[in-house]
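Notes for the one structure printed next.
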């Protein structure tokens, strides 16, 4: 912006005159960074001297009376002279005046509070000198720092609850809380140092600002954890926002670190406090993080499935279960979170078979009642294994639901469990017969439709199978 932009014609003239004839580097030169807001003021008119001292920096600047007066805005000259130069009729008077100063083509508001004495015809003034604009700027800055995180500029935890309550008062639903957390942030600090960690915090915040630019607020909660609040957004819109952020994190290195950021969100259709939503969102975040660990990392689950696969001779069964379940997930209304859960369940669904006789596994589709009772003991074995592995312990209930009959439990069985159950049934039929037609598959699945398996899931599987066999 041009220095003179925004000034009136009179301000323009005096600023230009001072800039061209009386430029000086001094206490109020705006080209020099100045943190001070409070100064002491001493003036001896007879000695033609004004001394202004920055109290915090103990720095003095001396002016002649004429040079100081030339900095005062022309519209305030009379007020200033009346306060200081025409005091001889009164021995002592209180001074409290506001006036504008023009320095380096900038107009600023200043204030003097103090006393003016007439001593033997000589005017002596003492008091305090305020840079009013700096005082206001510091007040704004302090208010900003009180409410914002210094590193990122996001809302801080001190004002998070209050702002969330203010948003809730508008009554705009649904209200959504999104949590984002940098994975293994402590390890990054420990191995690369806090400077790298702080840079990572800022870079992640910048990405979240870009992706969640239309959020009601974005806050940094602690360490590498952030949250964003939306009002009136659908689940699909929220998931699209999260997917956009995840894609950005996957495609970039933040501070030369491949940062993984986990997300979770919770939605409220009516009045809900922050703590409740946070607890729900944090649970989803942990589940998403654990799901990613299970699906990406080599673990004991991979080893157990490898041993089971060799015994059962069924090839890459987990891959088949994941592939088919993903094809029917969207038509059945599964969200991104639901799909991640299905992938994990497909990976742990057979884990209990490690404790079952090999022959029972091979003949699993044509067992007697006694043999089936022995075969189903694998659910208890699998439950114990899952409970012992921290990454999948929270899937224990969903794992058990896989093996419940639909006609006894109906929709009390979670959708991911219903999908995996029917998908396993389909794979059992196909993988135990060398040659089987779609007609035979349809007949066998139809017999279990509505009894063993959810009708909607069976119909979705048959729709996919019909295209494949066609």
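Points to keep in mind about this one:
- Residues of the stretch 228-239 that turn out to be surrounded by 14 or more Cβ atoms within 10 Å (Cβ to Cβ) and either in a strand (DSSP E or B) or modelled with pLDDT of 90 or more (or both), as a count: 5
- Contact annotation: residue pairs with Cβ atoms under 9 Å, 6 or more positions apart or on different chains, pairing a residue in the stretch 428-448 that is touching a residue at least 40 places away in the same chain (Cβ under 8 Å) with a partner that is in a helix (DSSP H, G or I), are 429/440; 429/441; 429/444; 429/445; 431/312; 431/317; 431/320; 432/362.
To keep it simple, each residue is scored yes or no on (1) in contact (Cβ under 8 Å) with a residue 24 or more places away in the chain; (2) assigned to a helix (DSSP H, G or I).
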| position | (1), (2) |
| --- | --- |
| 124 | yes, no |
| 146 | no, yes |
| 153 | yes, no |
| 160 | yes, yes |
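- Residue 26, sole failed condition from (1) surrounded by 15 or more Cβ atoms within 10 Å (Cβ to Cβ); (2) within 28 Å of residue 121 (Cβ to Cβ); (3) at pLDDT below 85: (2)
- Whichever residue in the stretch 431-443 is within 21 Å of residue 349 (Cβ to Cβ) and surrounded by fewer than 18 Cβ atoms within 10 Å (Cβ to Cβ) and, among such residues, is modelled with the lowest pLDDT: 433
- Checked against (1) more than 17 Å from residue 336 (Cα to Cα); (2) crowded, with 16+ Cβ neighbours inside 10 Å; (3) out of contact with any strand residue (DSSP E or B) (no Cβ under 7 Å at 6 or more places or on another chain), residue 259 passes all but condition (3).
- Single unsatisfied condition, residue 56 versus (1) crowded, with 18+ Cβ neighbours inside 10 Å; (2) more than 17 Å from residue 123 (Cβ to Cβ): (1)
- Unmet criterion (only one of (1) in a helix (DSSP H, G or I); (2) closer than 26 Å to residue 392 by Cα) for residue 265: (1)
- Top-ranked residue in the stretch 67-107 [being in a strand (DSSP E or B) and farther than 17 Å from residue 41 by Cα; ranked as modelled with the lowest pLDDT]: 103
- The stretch 364-383, residues that are without any contact (Cβ under 8 Å) to a residue 60 or more places away in the chain and touching a helix residue (DSSP H, G or I) at 6+ places or on another chain (Cβ under 8 Å): 367, 371, 374, 375, 377, 378, 379, 380, 381, 382, 383
- For residue 450, the conditions (1) over 37 Å from the mean Cα position of the chain (by Cα); (2) modelled with pLDDT of 90 or more; (3) buried (at least 17 other Cβ atoms within 10 Å of the Cβ) are fulfilled apart from (3).
- Any chance residue 397 is under 31 Å from the mean Cα position of the chain (by Cα), exposed (fewer than 14 other Cβ atoms within 10 Å of the Cβ) and either part of a helix (DSSP H, G or I) or assigned by TED's automatic domain parsing to the domain that holds residue 289 (or both): yes
- Contact map, the stretch 177-206: first residue over 22 Å from residue 245 (Cα atoms), second residue outside any helix (DSSP H, G or I), Cβ cut-off under 8 Å, separation 6 or more or different chains; pairs are 192/257.
The values are calculated or read from the model by the stated rules, or taken from the named source; none is laboratory data. Keep in mind the model is a prediction, meaning the values are calculated, not measured. Here Cβ is always computed from backbone atoms with ideal geometry, including for glycine, and neighbour counts include all displayed protein chains.
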